[in-house]
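Have a look at the structure below, then the notes.
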Amino acid sequence: MLQYAFKRALSLCLSLCLASVVIFAVVEIAPGDPASFMLGINAQPDTIAALRAELGLDQGKFVRYLEWTGGMLRGDFGTSYTYRSPITDMVVERMWVSLPLALYALALSTLIAFPVGLYAASKRGAPSDFAVMGVTQLGIAIPNFWFAMILVVIFAIKLRWFSAGGFAGWDDGLFIGLKSLTLPAISLALPQASILSRVMRSALIETLSEDYIRTARAKGVSRTAVLWRHALRNAMIPVLTIIGLQFSFLMAGAIIIEQVFFLPGLGRLVFQAITQRDLIVVESVVMLLVFAVISVNFFIDLTYAAVDPRLRHGS
Amino acid sequence: MMKYRSLIAGACLSLIVLIAAAFSFAWIPYDITQLSIPDKLQTPNWNHWLGTDHFGRDILSMIMVGARTSLAVALLAVGIGMGIGVPLGLAAAAGRGAFIDEVIMRTNDLIFAFPSLVIAILITALFGAGAMNAIVAIGVFNIPVFARVSRGAALSLWQKEFILAARVSGKSKLRISAEHILPNLTNLLIVQGTIQFSLGILAEAGLSYVGLGAQPPTPSWGRMLADAQTMVSFAPHLALIPGSAIILTVLGLNLMGDGLRDALDPKLRKSRQ
Amino acid sequence: MIKSKKYIAATAIAFATVACTGFAASSDITVAMQLEPPHLDPTSAAAGAIDSVLYSNVFEGLTRFASDGAIVAGLAKSWDISQDGTEYTFHLRSGVQFHDGTRMDAEDVKFSLDRARAEDSTNAQKALFSGIADVAVVDSTTVKITLDKPNGSFLFNMAWGDAVIVAAESIEDIKTNPVGTGAFIFQNWVQGDRIELARNDNYWGSAPALESATFKFISDPTAAFAAVMAQDVDVFTSFPAPENLPQFEADPRFQVLEGSTEGETILSTNNKMPPLDNVKVRKAIAHAIDRQAIIDGAMFGYGTPIGTHFAPHHPDYVDLTSNSQHDPELAKKLLAEAGFPNGFETTLKLPPPSYARRGGEIIASQLRAVGIQAEISNLEWAQWLEQVFRGNDYGLTIVSHTEPMDIGIYARPDYYFQYDNPEFQSLITDLNATTDTEMRSEMLKKAQNIISKDYVNGYLFELAFTTVADAKVRGLWKNAPTQATDLTGVSWSD
């Protein structure tokens, strides 16, 4: 087990190194200079040079790569070119929007998907199952930004139940904060809930056809009881895996939704940084997202391996 | 017949879109490169069945030509994914457990770890918006999907007797992969291809929506939505029509993908009955 | 430290909210705009968004722009100009304090100007200070500035947001904590969302009616529309979607202010790139363009047609639109004469604003009608600056030149238009040396004529400045002589 963990940890480090090289290379070869962007069209060449020196852009690429990665190892993600504030602080601040939004959307999606999946599985083959599954197909097919547009028109402009966007902050209480995240969370949750319902349904149906379930049924346990007591527990593994995947998707995938609702989240930070050529912010935030996914995968692998020794050898 | 209902429904929807796209090469109601500002923002009427946009262009014609863009971008992105991913997956399976397998699968994991939407936006924003870059940005993230799927299926095929027979007869791993493994993956690849195709259409719409897809005057559904967004409150058809086009296409492809999987995969079909 | 500051700000807001519900008449305002400042130092970035928030609210200069574009006294209450026009003696207001309580005096003026013109200065408009030979402190409220030659626009230059007075004591943190002399004090900045200001009770001038102001940043035009409609914001300056303005005008809850900007929106042309180096080709392009269709299609009717690079509300403006009437047949004839009977291909590179993106689609279609194939590529600002503005790698582009009185750029052969006309250059040199108003006016008119007749660029329209506000808000600037949202005179009508 230790040997396996060591091997996986080594591959984790290698992956991170590779990722940092790829990210740095992709971002750095891109055309566009942050200094000339900031100084605009009337700037004189010597002013641009002065600003480049101030930002440390006059150093070689290799030196800057080493400084960037070295800083990250010490937990310092550098200083934003345009905002001139530490990226770590900026990311933490944006996390207070992105993380609750992702959790909110995930909670909504799970709350919808569980009953829907259970219902469809219990009515398998019936017209109501067919209808519910049809709706989930529609849910998957709807682009979430389009859905967001429609939600804004109906609930913010026509009915005025919610504000059209922006984030109220957590200072005025949980309710106010959550309210401003509701429409974005719904638009993010719709396709996720649809996917999750379908996974839930097929996982339930799969376990229902297992022998021990048939035995339980033969013993006279009611269909509903079987569903609740036995099938649900066993169907949780694929469902939880999907939830895990959806969470990491939601952290970064909210980029367009954050744009539609002008939420000051992580996605919009990256988007803004891209257009302003705030390269260091782009690099650091993408690196952070990659790091999060890779390390989550690492721990999942370790847990699986601890549970199932076969996984330690080969695939 | 009921068994194939989602396949049939999906195929019908997809066919409508395909026909509209193909038909647009031969004829469209109005020339969409010709703007006519005085005719702008008409609701659906006899002359313009789906109305006109903010430049006075015929929306039906835009949707038909836009279908072409969406399908082409998604199809080519699937092509990139399959063309590179499948050989990689086959190679990994052939060299199971060896260095090559490890390298390919770790690289796969690495690509999976990148936030795809953010990277797609990054690529197109940094290297210029346009259909070509959108295809590459979407295609890159199709590679690990196909690599993983084909490796998984190929691994189990390598255990099959007919493959062992081929090995005994002295065929090289490369030949076996090409002659025996690949043909047996066709069904699986068609199903996965359909799914990635529909995801590609959504991704293209998203990229065009943020202005990073096909450039004007080439119409694209996502950009039609982006153009419409400030006018939704007084001309809702501008957003509803392209939105419906995207939804119906993706819905059709997904239904078809599910139907195909049920029809082509006997194990799943059995478990469903 | 940061945390506690935020906490205080938050309590202040909570308190303000409570106070507001108590007395129906509002004393706070939420102003929305599209772009967020990258940082808060107006003296080291070109971003107009910085001025839009801070100009005249937080920072003030020796002189300032009034809402009608006139230059009026700022921190300097008066000034004397020497006979030869090279010595400016500014008399500062006494008793002016920075927000941190330190005194504003002649040393601060010297510090600010010397900083802006220093070798390692990162001032985006460094040219404004280039004529300054020396800044001398006479006494605590008197500064003498010596120029190397007379400059008719020196007082105008000193009114820019890039020339505001800052203090050595607070310069270190200016980018995140701006300390100025204005009527409002910077409170808090939630990056990506809003900036909050509070009234400065020690202000030297008349106290503003508002107690606090919040600037909110909403870049997405749909979100902008929704935010105004839902009354999440009280004012939206420079509203990004002209197509929504009729709805606001029809709604009694709102008022729409339509004013002028200094933004000449032009089809910039690379005068050195064949075949655009041929004046007949450029003339053909000018006649192929239908300005009204562009104003209607891209701006939904908001904008004034122009025929040269000059603001129509300026007294010296000449209407030269007749030089380039919409006439596709003439355009085709000119193209044939120039040797392109079947047209040609060129590039049309468009920056992000909707006037450019929409206008570009319309222009491409109009050019196609006379046989010119303009291949559109949409660029971001960073790419545009690199490729078009600095790289000169373009055929055509659309951009609004928002700097006031900038016809002088046509005298720079290295400018991205690549327009090199010695006659025009000597005219501008003469103009800069001329102080007589009448002669200047004649010369400006002549300059407008030259560039119009040379068809240097396609002249489209003057950008309108459109503000949507709650119907009860009073005292907003209607025009935009410079990028600013001056709140000192803003109040609620009930």
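The numbers here are math on the coordinates, done by the rules we state, and not lab data. What you see is a predicted model; the values in this text were computed from it and never measured. As a convention, Cβ positions derive from the backbone with ideal geometry for all residues, glycine included, and neighbour counts pool all protein chains shown.
Here are some notes:
- Scattering from region C:226-286 was approximated by placing one identical point on each alpha carbon and applying the Debye formula without solvent; log10 I(q)/I(0) at 0.19, 0.27 1/Å stands at -0.75, -1.17.
- Between the C-alpha center of region B:118-176 and that of region A:189-212 there is a gap of 27 Å.
- Hits among aspartates and glutamates - C-alpha to C-alpha of residue B:171 under 12 Å, sequence gap 8 or more where chains match: B:179
- Phi angles across region C:484-493 convert, under the Karplus curve 6.51 cos²θ - 1.76 cosθ + 1.60 with θ = phi - 60°, into 3J(HN,Hα) values of 6, 10, 6, 9, 4, x, 8, 8, 9, 7 Hz, Gly and Pro given as x.
- Shape of chain C, Cα gyration tensor, a/c cut at 1.5: oblate
- Between 0 and 90 degrees, the angle of helix C:2-22 with respect to the longest Cα principal axis of chain C falls at about 90 degrees.
- Part-to-part distance (alpha-carbon centres) for region C:352-375 and region B:209-230, which is given in Å: 15
- The chymotrypsin sites (Phe, Trp or Tyr not before Pro) of region B:39-140 that DSSP puts in a loop, and whose beta carbon has at most 15 other beta carbons within 10 Å, are B:46, B:49.
- Neighbour-count ranking [beta-carbon atoms within 10 angstrom, fewest first] of C:190, C:281, A:135, B:191: A:135, C:190, B:191, C:281
- Under 5 Å between amide hydrogens, built in the peptide plane, is the criterion, and for residue C:418 it picks out C:271 among residues at least 5 positions away or on other chains.
- Summary value for chain C: 20 percent relative contact order, contacts being C-alpha pairs under 8 angstrom separated by 6+ residues.
- On the basis of the beta-carbon distance and an R0 of 45 Å, residue B:244 and residue C:313 show a calculated FRET efficiency of 0.45.
- Within chain C, the longest run free of GluC sites (Glu not before Pro) that sit in a DSSP loop with at most 12 other Cβ atoms within 10 Å is C:173-494.
- Cα centroid separation, region A:61-131 to region C:30-47: 28 Å.
- 5 angstrom amide H check on residue C:320, placed H, neighbours 5+ away: C:307, C:308
- Tensor-based shape of region B:161-273 (alpha-carbon gyration tensor, a/c under 1.5 rounded, otherwise prolate or oblate): oblate
- Debye-formula intensities of region A:90-264, expressed as log10 I(q)/I(0) at q = 0.10, 0.11 Å⁻¹, are -0.46, -0.54 (one equal scatterer per alpha-carbon, no solvent).
- Restricting attention to chain C, close to 75% of DSSP beta bridges with both partner residues there are antiparallel.
- Computed from backbone phi, the HN-Hα couplings of region C:287-303 come to 7, 6, 8, 9, 4, 4, 4, 5, 5, 6, x, 8, 10, 6, x, 8, x Hz, rounded to whole numbers (Karplus: 6.51 cos²θ - 1.76 cosθ + 1.60, θ = phi - 60°; Gly and Pro given as x).
- Distance between the modelled labels on residue A:223 and residue C:249, one decimal in nanometres: 6.4 nm (7 Å Cα→Cβ projection).
- Each residue of region A:227-236 was assigned a 3J(HN,Hα) from its phi angle through the Karplus curve 6.51 cos²θ - 1.76 cosθ + 1.60 (θ = phi - 60°); the sequence is 4, 6, 7, 10, 5, 4, 4, 6, 7, 5 Hz, with glycine and proline shown as x.
- Overall form of chain A per C-alpha gyration tensor (a/c, 1.5; a/b vs b/c): oblate
- Signed unit charges on C-beta, dipole axis of the protein assembly as shown, positive-most listed residue C:397, B:134, B:226: B:134
- Taking the C-alpha atoms only, the angle from helix C:437-453 to the longest principal axis of chain C is near 40 degrees.
- Counting other Cβ atoms within 10 Å as a rough exposure proxy, the listed residues C:40, A:57, A:103, A:10 run A:10, A:103, A:57, C:40 from fewest neighbours to most.
- Mean projected area of the Cα convex hull of region C:116-226, taken over all directions, amounts to 10.4 nm².
- Dividing the mean sequence gap of close Cα pairs (under 8 Å, 6+ apart) by how many residues region A:90-264 holds gives a relative contact order of 35 percent.
- Links that overshoot a 22 Å alpha carbon limit, given the list C:280/C:332; B:40/C:332; C:77/C:110; C:283/C:445: B:40/C:332
- The share of alpha-carbon pairs in region B:56-271 lying farther apart than 31 Å comes to 32%.
- Residue exposure sequence - C:450, B:16 - by fewest surrounding Cβ within 10 Å: B:16, C:450
- Only Cα pairs under 8 Å and 6+ residues apart enter the sum, and on that basis the relative contact order of chain B stands at 27 percent.
- Cα convex hull of region C:337-494, projected area averaged across orientations, nm²: 13.4
- Within 10 Å of each Cβ in A:21-34, the average number of Cβ atoms from other chains: 4
- Fraction of beta bridges assigned by DSSP in the protein assembly as shown that are antiparallel (%, nearest 5): 75
- Sequence-distant residues sharing a close amide H with residue C:376 (under 5 Å, placed H): C:348
- Across the options C:464, C:426, C:178, the greatest Cα extent toward the positive end of the charge dipole of chain C (unit charges at beta carbon of Lys, Arg, Asp, Glu) belongs to C:464.
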